[in-house]
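The values are calculated or read from the model by the stated rules, or taken from the named source; none is laboratory data. These numbers were taken from a predicted model, which means no experiment stands behind them. Glycine gets a Cβ as well: all are built from the backbone with ideal geometry, and neighbour counts include every protein chain shown. These accessible areas exclude ligands, DNA and RNA; they are computed on the full protein's heavy atoms, side chains included. Shrake-Rupley method; radii C 1.70, N 1.55, O 1.52, S 1.80 Å.
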Amino acid sequence: MSFEKQIPSNVEVVNILGINDKNLKYIKSVFPNVKINVRGNTIYIDGNNTEANEIIRIFDEMLLMHNNNENIEETDIALLSNMKENQNHEGKKISSISIIENKTIKVKNINQFKYMDLIQNSTITFGIGPAGTGKTFLAVASAVKMYSDQKIKKIVLTRPAVEAGERLGYLPGDLSQKIDPYLVPLFDSLEYFFGNENLAYLIEKRNIEIVPLAYMRGRTLNNACIILDEAQNATISQIKMFLTRLGENSKIIITGDESQIDLYNNDKSGLMKTRKILSKIDEISVMEFQNTDIVRNPIVSKILEIFPDK
């Protein structure tokens, strides 16, 4: 059957199809059984209904990206085309996700999108994988979006104060100053969305809390998104304590890299044991990232391939 997709007249076709039709060629390679031709601003598609509608959806997503002033790359099209593998995501706009006013993020691969989807639909979500897969940043982004949408009233971020080769006592200052370096990655992510001054205000008002894991004992957190980062450095009893902080209308996100345990006895790490024990509970989801999901400099995945797990 024949279908047509019209590119608006105010859109430069090259911005959608790519220089030398690079994006169009990639789409054709994904759908080899469909004929795609372009005349002016009209895309003509000849193929079965399912694939033709999938191609139209991809072009719709590309136009959305263009309207958000985003460059369209082959990796974006790969992500969009992979969405056909999971019908639960059909129809969702994934090219650019609005988190808070004037701040959007673009997921880099299918697992990142699935991760954010799991966080939205689960009470407790585990994000497991190597460095550079975006598991912490996307967890914070999800929490900020929930806060922005007024689904929660508080964001709580915590991580174990476990040093990678250096003891806390070597650092200058009081306990608070000693702990701050461990919380820097969480501050960085929050500053990206809120800005320095607004973040300081939200922390002062206790709408956002960034605390060491040891300080979580005895609390019940309602209407909150609670994130435990670097969970591979927490014992099973600490993770149990953390999970039982969950109150009404709250979500928990636990992130970690099971190959990067900084505890003196690796067997004390409770992350792997905990997420395997709990994975059969319907309200709990686990997203496992691979080296191929790394979105930092591509050399990071090559380094991790060479260095064996501890």
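Working only within segment 41-53, note down all residues that are in contact with a Ser or Thr (Cβ under 9 Å, 6 or more places away or on another chain) and closer than 22 Å to E12 by Cα.
Of everything in segment 41-53, those that are in contact with a Ser or Thr (Cβ under 9 Å, 6 or more places away or on another chain) and closer than 22 Å to E12 by Cα turn out to be N41, Y44, I45.
Any residue in segment 231-247 that is over 17 Å from A161 (Cα atoms) sitting within a Cβ distance under 7 Å of a residue that is part of a helix (DSSP H, G or I) and open to solvent by less than 50 Å² (accessible area, probe 1.4 Å)? List the pairs, counting only those 6 or more apart or interchain.
Hits for this filter: R245/M216.
Filter segment 274-297 down to residues that are open to solvent by 50 Å² or more (accessible area, probe 1.4 Å) and over 18 Å from the mean Cα position of the chain (by Cα), then give me how many there are.
The number of residues fulfilling the criteria is 7.
Confirm whether D257 is of a type in the set (D, E, K, R) and either free of Cβ contacts under 8 Å to residues at least 12 places away in the same chain or loosely packed, with under 13 Cβ neighbours inside 10 Å (or both).
Answer is no for this residue.
Could you list, in sequence order, the residues of segment 236-268 that are outside any helix (DSSP H, G or I), over 19 Å from A143 (Cβ atoms) and either at pLDDT 90 or above or not hydroxyl-bearing (S, T, Y) (or both)?
T244, D257, E258, Q260, I261, D262, L263, N265
Which ones in segment 203-254 are closer than 15 Å to L190 by Cβ and open to solvent by 10 Å² or more (accessible area, probe 1.4 Å)?
Once the filter is applied, which keeps residues that are closer than 15 Å to L190 by Cβ and open to solvent by 10 Å² or more (accessible area, probe 1.4 Å), segment 203-254 yields I203, E204, K205, R206, N207, E209, I210, V211.
Inside segment 131-151, can you point out the residues that are out of contact with any Ser or Thr (no Cβ under 6 Å at 6 or more places or on another chain), under 27 Å from K280 (Cβ atoms) and crowded, with 22+ Cβ neighbours inside 10 Å?
T133, G134, L138, S142, A143
Assess whether F59 counts as being of a type in the set (A, V, I, L, M, F, W, C), touching a strand residue (DSSP E or B) at 6+ places or on another chain (Cβ under 6 Å) and within 22 Å of K108 (Cα to Cα).
It is true that F59 is of a type in the set (A, V, I, L, M, F, W, C), touching a strand residue (DSSP E or B) at 6+ places or on another chain (Cβ under 6 Å) and within 22 Å of K108 (Cα to Cα).
For L271, are the conditions met, namely being over 21 Å from the mean Cα position of the chain (by Cα), surrounded by 14 or more Cβ atoms within 10 Å (Cβ to Cβ), modelled with pLDDT of 80 or more and of a type outside the set (G, A, S)?
no
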